[in-house]
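Down below is the structure, laid out as structure tokens.
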2 protein chains.
Amino acid sequence: MNPDRLSRQASFLTEADKLKRVLRRTLIADGSRRENSAEHSWHLALTAMVLREYAAEPVNFPRVLEMLAAHDLVEIDADDTFAYDVEGNRTRTERERRAADRLFALLPDDLAASLRALWEEFEEHKTPESRFANAVDRIQPLLQNLATDGGTWRIYHPTREQVLRRMDPVRTALPALWPFVQSAIDDFFLTPESDGLRS
Amino acid sequence: MNPDRLSRQASFLTEADKLKRVLRRTLIADGSRRENSAEHSWHLALTAMVLREYAAEPVNFPRVLEMLAAHDLVEIDADDTFAYDVEGNRTRTERERRAADRLFALLPDDLAASLRALWEEFEEHKTPESRFANAVDRIQPLLQNLATDGGTWRIYHPTREQVLRRMDPVRTALPALWPFVQSAIDDFFLTPESDGLRS
């Protein structure tokens with residue numbers, strides 16, 4: 001056992017704790033506070049486990065779980081960028097790349113490379129595992145919004161078209177869930193009597 | 001697609017959100033607040049990924065990740081039982097069994113059985129995967145304590161012997177880390193000049 005190696009692993013794990021302080025716009029299901037990115041990452045793992053039967057194509061499921069555990073780490077430096085923040089999303093890639101350069105370098109090289117590869121794969125949406133993981137990362141906040149009277153839709157007023165575009169990974173990677181997603185979005189955005197309540 | 005099945009899966013995932021409100025005694029690494037069991041579960045997945053090379057025996061790693069995602073769900077009803085709470089630990093098994101009966105029954109039967117099996121396996125400490133997952137569940141709070149000037153050791157005053165016993169899964173499942181664990185415990189409990197500071 002190489003003490004320096006273990007020491008770097010331990011330092012990285014302690015640094016990773018900071019993800020518990022990164023707040024997303026999404027509320028937890030009782031509406032009492034914003035969700036943090038660490039507990040969100042756990043909830044995605046559970047969501048993947050419960051919904052995996054709906055995957056549109058075969059996925060290497062262990063890789064999905066590892067990807068979900070690593071996918072938000074860069075937010076420790078780059079903060080969470082809200083899906084509907086146009087300006088923030090213009091600079092997101094560059095901010096997150098710098099964060100990845102710093103954070104993964106805390107680890108021994110082999111582990112740095114494998115965790116960084118998980119994050120890059122998630123961002124690129126190119127593999128079946130990435131497409132499935134991204135779909136899970138869309139459906140969980142939708143369930144949180146349904147539990148909180150619209151949640152981020154109610155608070156930040158994205159348009160129905162923005163939300164449908166945001167949810168598109170569900171359409172492609174979890175197509176069996178798409179009617180449920182569409183109907184949830186239509187219930188919120190197209191129900192006339194709710195306009196007054198939600199404006 | 002069976003709408004009732006999906007509806008039960010979605011209800012379970014929303015119910016699972018309550019794990020974000022279950023507070024452990026462990027502090028997050030900046031010492032600012034107690035850690036919740038959802039973010040703890042995520043941190044365990046990451047810890048398992050970073051420390052898996054030290055596993056004493058071969059493990060089915062995907063099963064470890066699934067076990068860690070499911071292992072604390074029963075705390076939604078049974079609350080977190082602090083490791084050094086003697087009275088609470090006398091009733092823990094029964095409280096958690098009742099919680100499992102209610103929570104997993106929210107899911108369709110096949111998923112209920114598979115998630116419950118993960119929780120039971122974790123609790124029984126019998127398989128290599130369970131032993132590894134339990135060791136990870138010990139080393140992460142130790143790292144949190146090291147980041148917070150002793151954390152729960154400083155606040156709740158367990159004895160050195162209680163802590164060593166609590167950490168025993170690390171000795172058996174992550175033996176390469178045991179010298180590090182022993183030395184961290186000895187530094188805290190056996191350093192005379194710190195007694196005054198920590199009393």
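The values are calculated or read from the model by the stated rules, or taken from the named source; none is laboratory data. Keep in mind that what you see is a predicted model, and the values were worked out from it rather than measured. Positions of Cβ are generated from backbone atoms using ideal geometry, with glycine treated the same way; all protein chains shown enter the neighbour counts.
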Which condition breaks for A:A78 when tested against (1) within 16 Å of the chain's Cα centre (by Cα); (2) among the aliphatic types (A, V, I, L, M); (3) within 14 Å of A:L118 (Cβ to Cβ)? (3)
Go through the residues of region A:26-46 one by one and say whether even a single one is over 23 Å from B:D72 (Cβ atoms), more than 9 Å from every other protein chain (Cβ to nearest Cβ) and crowded, with 17+ Cβ neighbours inside 10 Å. no
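Kindly provide the set of residues from region A:8-25 that are over 16 Å from A:R102 (Cα atoms) and within 8 Å of another protein chain (Cβ to nearest Cβ), ordered by number. Explain how you work it out, then say what you get.
At the first step, the residues of region A:8-25 found to be over 16 Å from A:R102 (Cα atoms) are A:20-25.
Selection gives A:K20, A:R21.
Does region B:60-74 hold any residues that are among the hydrophobic types (A, V, I, L, M, F, W, C) and crowded, with 22+ Cβ neighbours inside 10 Å, and which are they? Steps first, answer last, please.
Here is the first cut: in region B:60-74, the residues among the hydrophobic types (A, V, I, L, M, F, W, C) are B:61, B:64-65, B:67-70, B:73-74.
Matches in region B:60-74: B:V64, B:L65, B:M67, B:L68, B:A69, B:A70, B:L73, B:V74.
May I ask you to say which residue of B:L23, B:L44 is closer than 18 Å to B:G151 by Cβ and touching a strand residue (DSSP E or B) at 6+ places or on another chain (Cβ under 6 Å)?
Working: B:L44 fails: touching a strand residue (DSSP E or B) at 6+ places or on another chain (Cβ under 6 Å).
When all the criteria are applied, what remains is B:L23.
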Filter region A:150-178 for residues that are free of Cβ contacts under 8 Å to residues at least 40 places away in the same chain and under 25 Å from A:P58 (Cα atoms); the one that is farthest from the other protein chains (Cβ to nearest Cβ) is A:R165
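Taking the residues in region A:28-66 that are of a type in the set (V, I, T) and touching a residue at least 40 places away in the same chain (Cβ under 8 Å) as candidates, determine which candidate is nearest to A:V170 (Cα to Cα).
Just the residues of region A:28-66 that are of a type in the set (V, I, T), to begin with: A:28, A:47, A:50, A:59, A:64.
Retained after the next criterion (residues that are touching a residue at least 40 places away in the same chain (Cβ under 8 Å)): A:28, A:47, A:59, A:64.
On the way: A:I28: 21, A:T47: 13, A:V59: 15, A:V64: 15 Å.
Looking at the filtered set, the residue picked out is A:T47.
When you look at A:E57, is it within 30 Å of B:N2 (Cβ to Cβ), more than 13 Å from the chain's Cα centre (by Cα) and crowded, with 23+ Cβ neighbours inside 10 Å, yes or no? Before the answer, list the steps.
On the way: within 30 Å of B:N2 (Cβ to Cβ): yes; more than 13 Å from the chain's Cα centre (by Cα): yes; crowded, with 23+ Cβ neighbours inside 10 Å: no.
So A:E57 fails the test.
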Of the residues B:P158, B:P141, which single one is not small (G, A, S) and not in a helix (DSSP H, G or I)? B:P158
Considering each residue of region B:98-132, count those that are away from chain A (no Cβ under 13 Å), within 14 Å of the chain's Cα centre (by Cα) and under 15 Å from B:E66 (Cβ atoms), and give that number. 6
If you check B:L115, B:L103, B:L142, which single one turns out to be touching an Asp or Glu at 6+ places or on another chain (Cβ under 8 Å), modelled with pLDDT of 95 or more and crowded, with 22+ Cβ neighbours inside 10 Å? B:L103
Identify all residues within region B:155-166 that are in contact with a helix residue (DSSP H, G or I) (Cβ under 7 Å, 6 or more places away or on another chain) and either within 14 Å of B:F82 (Cα to Cα) or polar (S, T, N, Q) (or both); write none if there are none. B:V163, B:R166
